[in-house]
Amino acid sequence: MVGNLKRTCAKVVSALVMALVVLVGASHFANAAPAPDCTPRLTSALMPGAMVRLSATAPCAPGALVKLRHGGVLFDMVADAAGRLDVDIPALSEIAVFEAEISGQTLRTTVAIPDFDTYQRITLQWQGQTGLQIHAREFGATHGSDGHIWVDAPGTAQRAIRARGGFITRLGDDTLQDGHSAEIYVFPTEMTLRTGTIRLSVQTMVDAYTCGTTVHGHAMQPGGDGKMAQTALTVEIPACDAIGDILVLNNLLRDMKIAAN
Amino acid sequence: MMILRAAITAVLFFFGTTLWAEDVTLTSRDGSVEVSGNLLGYDGEFFRVDTEFGILTLDGSGVICTGPGCPNLTAYVAEFTLSGAPSMGAVLIPSLLESFAARNGFALRRVTQSDERFLYELSERATGKVSARIGFRLNSSDEGFADLIAEEADIALSLREVTAQEAAIARTGDLGDLTAPGRSRILALDALVPLTALSNPIKQIDMADLAAIFAGELTTWDDLGGAQEPIVLHLRDENSGLSQTFQNKVLAEYGKAGVAADITRHATNESLVDAVARDPFAIGMGSFSDIGNTVSLAVTGPCGFVTAATTTTIKTEDYPLTAPLFVYLPPRRLPRIAREFLHYIGSPAAQPVIRRAGFVDQFPAAIPFENQGARFANAIDRAGGEIDLSELQRLVRTLSGHSRLTVTYRFEGGSTELDAQSRSNVALLAEALERGVFDDRTLVFVGFSDGEGPASINRRISRTRARAVRDAVRAAAHTVDPARLTLRTEAFGEAMPMACDEVEWGRGVNRRVEVWLK
């Protein structure tokens, strides 16, 4: 009689255990087809030349608008079909803080820049599709020559690391109608062996879309006391009878005077 | 009608500061006095009204304004325009405005149409309220004066002093005497420098050769010891203050009637400097404040003295081609924020900004005795004749243990009138005395002369000049307690020349009063 009870108990217990195993197994099988992880992420990596590579992912937001912020510069970009965005940004402070607003969340990452003081920077930032361009003519370089740095001949960070000259990074997606864009010119002031002046100008083409309009933005450059200072800017693009002209502003950004080391 | 008026107001805003003339009636607060007329201006504090009695200026706090022309007092925005030399308005004044704004809690916005036309909007950082709009119109010193005289600008920026003709025209209008002391001030110092490309082997040039080159008389570099290549000439536009200073101080000095035919003229300093930097056979006359990628040549005279343009030689005016930056003011009161800005640019806080922009500030610096060996060596070298050993020993004994201040006084032509930089130096030294910078120190005003005529007469003349300058400085330092100051004079005549007496500009450099500090 006891033996029968024991056998029955054992059967019940093993059945329960089997059921438990099956249940746990079943739920396991349910998790094996996982729900997608939509968490947006932002990572950064220090690059040579005081540059930072930012990688932003928003797996559930392909083609999403990403608003990026660093050191007073704002620029807007669009994630690709996989919800991914990679951009190289010149660091604007020794402890560089980057913010990305993506899928309604603001993500932040910080990078320490050991070679920050080796370089000097000038930034120009604006909103809208009027393409403002920084043109840097280094040490008397003529228009179109090797030392003429601008968006179509931007130079590279390697060039600056080798103290050959500066480079320009253009940030922002100019297909966005009211997006923020920026250009940052970086020059290796602490490494250069040359003395002279880098002529900086801001240029824009007057075309049918931009004529008669106003561009708002700001510039960051060393102020009267040597420290980086921000000045709000408004540029009035010439009227539409000047279509085809290039507006050249030589005094919007002050020339950089370099003393040899 | 409103759209038209708004459009006209917008145009006026960029072109001038006079408000649309409309009838106003100003009534004193107790109702007892009433004045009507056309409102000429409101600067935030005072109304200027054209009435049947003439132009009246009334304190805004004492009257109530009624009529279509009354300004909106709470939304008052100070507006004023600066017109004149691009070298002053392009970088220097905007840098000073930026510093001024930062120090006084203003945010700044630059609204740009072009490099020649832009304005700065200052707004209170805390409230965002716009406090001032400062317009810039940068064409040339000539146009700056023209705009000031036509009352289309409030402040003129110039690289040269006002001419007699301009002053005469100003007097016939409402502008009073532009030559009066309070009407102009020196913002900073610059200098005219001969520039060549880095690859040019010539490092100094005789002023006579410089004049001859630009007059077209010397045409190849081998005349100066260089290669047998034609000299390529570059100058600024004829209407630029820089060209006019070159004309007056160099070409006229050597009696050159005109300039060579084939000079490349440039609208901006940058264009001139960049053109010269590219061409090993070019020479241009540019500004010390922006030599870009060129090198400046030192200037010499027939007797061998060489003077290079440096911040010290410009501050002391030992370099013969200094070019002060002048600011000319209207006879009426400017809005308070303009007056505060003008005060700031003359204050110690503004001087580092001036230096960083590449210009030379005027504030006195001290050059230790030990750093002046070359000058004393020259004095010894040229002694013999009328300057003997005992006089040189007296010179050395008097000045040893002292430092030379960079404030130096020089004279117009052959007269006893101080030149513009020196008149400004009287005020600067007086202010430094009032601030107590030299309390319990001794200042010695040391007179020197050129070498023309007998040494004893020259010594007497230089003593008279030293006393005159000392008395002028003492008179200008009103608030100073005379007991705390020792102001002595000494005179050494022709004992320590700094330039060649053979040429008039050299004699002008030699006729001076130096200030030494113990």
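The values are calculated or read from the model by the stated rules, or taken from the named source; none is laboratory data. Predicted model, so just to flag it, every value in this text is computed and none were measured. All Cβ positions, even for glycine, are placed from backbone atoms using ideal geometry, and neighbour counts span all protein chains on display. We work out accessible area using only protein heavy atoms, side chains counted, and drop any ligands, DNA or RNA first. Shrake-Rupley method; radii C 1.70, N 1.55, O 1.52, S 1.80 Å.
Once the Cα-Cα distance is subtracted from the 0.36 nm per residue extended length, the A:Arg41 to A:Glu236 segment shows a gain of 66.3 nm.
Computed about the Cα centre, the dipole magnitude for chain A is approximately 1420 debye when only Lys and Arg (+1) and Asp and Glu (-1) carry charge, each at its Cβ. Taking Lys and Arg as +1 and Asp and Glu as -1, the other residues whose beta-carbon sits under 13 Å from that of B:Leu175 total -4. Each of A:Gln129 and B:Arg29 was given a label point 7 Å from its Cα along the Cα-to-Cβ line. The distance between the two points is 5.8 nm. Of the residues making up region A:190-238, those losing 30 Å² or more of accessible area when the isolated chain is joined by the remaining protein chains, with a 1.4 Å probe, are A:Thr197, A:Arg199, A:Gly224, A:Thr231, A:Ala232, A:Thr234, A:Glu236. The GluC sites (Glu not before Pro) of region A:162-261 meeting both criteria, a DSSP state outside H, G, I, E and B (loop) and at most 12 other C-beta atoms within 10 angstrom of the site's C-beta, are A:Glu190. For GluC sites (Glu not before Pro), the sites in region A:90-151 that DSSP calls loop and that have at most 13 other Cβ atoms within 10 Å are A:Glu94.
Positive end of the charge dipole of chain A (Lys, Arg +1 and Asp, Glu -1 on Cβ, about the Cα centre): tell me which of A:His135, A:Leu74, A:Leu107 has its Cα farthest that way. It is A:Leu107.
Over chain A, accessible surface divided per residue gives 50 Å², non-protein components excluded, 1.4 Å probe. Does region B:190-315 classify as rounded, prolate or oblate by the C-alpha gyration tensor (a ≥ b ≥ c root eigenvalues; a/c under 1.5 gives rounded; else a/b over b/c gives prolate, otherwise oblate)? Here region B:190-315 falls in the rounded category.
GNM remark for chain A: springs join alpha carbons under 10 Å apart, and the peak mean-square fluctuation among A:Pro90, A:Pro59, A:Pro114 falls on A:Pro114. Chain B contacts chain A over a buried accessible area of about 2300 Å², both sides summed; the probe is 1.4 Å and only protein chains count. Once you charge only the Cβ atoms, +1 for Lys and Arg and -1 for Asp and Glu, what is the size of the charge dipole of region B:383-513 about its Cα centre, to the nearest 20 debye? In debye, rounded to 20, region B:383-513 gives about 440. Helix B:389-399 axis versus longest C-alpha principal axis of chain B: approximately 40°, rounded to the nearest ten. Note on the protein assembly as shown: helix-only mean residue ellipticity at 222 nm, from DSSP H runs of 4+ residues weighted -39500 (n - 2.57) and normalised by residue number, equals -7500 deg cm²/dmol.
Rounded to the nearest 20 debye, the dipole magnitude of the protein assembly as shown is 3160 debye, with +1 charges on Lys and Arg beta carbons, -1 on Asp and Glu beta carbons, and the Cα centre as origin. Compared with its chain on its own, region B:65-108 contains the following residues whose accessible area drops by 50 Å² or more in the full protein assembly (probe 1.4 Å; ligands, DNA and RNA excluded): B:Glu98. DSSP assigns beta bridges within region B:364-517; of those with both partners inside it, close to 70 percent run antiparallel. Within 10 Å of the Cβ of each residue in B:113-125, the mean number of Cβ atoms contributed by other protein chains is 3. Within chain B, the longest segment free of exposed loop sites, counting chymotrypsin sites (Phe, Trp or Tyr not before Pro) that fall outside DSSP classes H, G, I, E and B and have at most 15 other Cβ atoms within 10 Å, spans B:54-518. For region B:364-517, with all protein chains in place and a probe radius of 1.4 Å, 50% of the accessible heavy-atom surface sits on carbon or sulfur.
Note that region B:364-517 carries a Kirkwood radius of 15.7 Å, evaluated over its alpha carbons pair by pair. Between A:Ala163 and B:Ala475, what FRET efficiency follows from the Cβ-Cβ distance if R0 is 56 Å, with the result rounded to 0.05? With R0 = 56 Å, the Cβ-Cβ based efficiency is 0.50. Taking the 1.4 Å solvent-accessible surface of region B:190-315 as the whole, the part contributed by carbon and sulfur is 51%. In this label model, B:Asp50 and B:Thr66 are separated by 2.4 nm, measuring between points 7 Å along each Cα→Cβ vector. Legend: residues in region B:249-298 shielded by at least 40 square angstrom of accessible surface upon adding the remaining protein chains to the isolated chain (1.4 Å probe, heavy atoms) are B:Glu270, B:Asp274, B:Arg278, B:Asn293. Shown for region A:110-219: the carbon plus sulfur share of the solvent-accessible area, taken with all protein chains present and a 1.4 angstrom probe, equals 47%.
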